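The structure appears below as structure tokens.
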Amino acid sequence: MGKETNKARKKETMGRIRIVQSILRRWDPMDLAPGDFAPADEYDSYAPHIVSVVARGCPVEDLSAHLRKLRKGMVCMGDNPKLDMEIAGEIMAALRSEGLDNS
């Protein structure tokens, strides 16, 4: 792969990560209002892995389960499977519109 191709792929991947980061800020399982009452990047570290698993063909149900696992790992966070599924679906739709299709 040429240098320009690598640059283009990196740019595309970073764009996808930024999209997922913005969706995760709305997910906000700890109710911190990232950017208002907490650092804007509170959940950003989860985005690269999410982009990666979607690129490998992760179904929406598995992505929702992953979000649920992340939520449960946070101190005193209750279960919200409906929101986790909604956010997983939103992530999948956003990444598909960016050309990252898992089908």
Number of positions in the range 39-57 that are surrounded by 12 or more Cβ atoms within 10 Å (Cβ to Cβ), of a type in the set (Ser, Thr, Tyr) and either free of Cβ contacts under 8 Å to residues at least 12 places away in the same chain or farther than 22 Å from Asp79 by Cβ (or both): 1
Matching option when the condition is surrounded by 14 or more Cβ atoms within 10 Å (Cβ to Cβ), at pLDDT below 95, of a type in the set (A, V, I, L, M) and in a helix (DSSP H, G or I), among Leu70, Leu83: Leu70
The range 3-15 residues that are without any contact (Cβ under 8 Å) to a residue 24 or more places away in the chain, paired with ones that are surrounded by 12 or more Cβ atoms within 10 Å (Cβ to Cβ) and of a type outside the set (Ser, Thr, Tyr) (beta carbon under 8 Å, 6 or more apart): none
Residue identified as of a type in the set (S, T, N, Q) and under 17 Å from Gln21 (Cβ atoms) among Ser52, Ser64: Ser52
Residues of the range 39-67 classified as assigned to a loop (DSSP other than H, G, I, E, B) and over 13 Å from the mean Cα position of the chain (by Cα), total: 5
The range 18-38, residues that are assigned to a helix (DSSP H, G or I) and surrounded by 17 or more Cβ atoms within 10 Å (Cβ to Cβ): Ile19, Val20, Gln21, Ile23, Leu24, Arg25, Trp27
Subset of the range 86-103 [assigned to a loop (DSSP other than H, G, I, E, B) and charged (D, E, K, R)]: Glu98, Asp101
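The values are calculated or read from the model by the stated rules, or taken from the named source; none is laboratory data. Note that this is a predicted model, so its numbers are computed, not measured. Don't worry about glycine lacking a Cβ; one is built from the backbone with ideal geometry, like all the others, and counts go over all protein chains shown.
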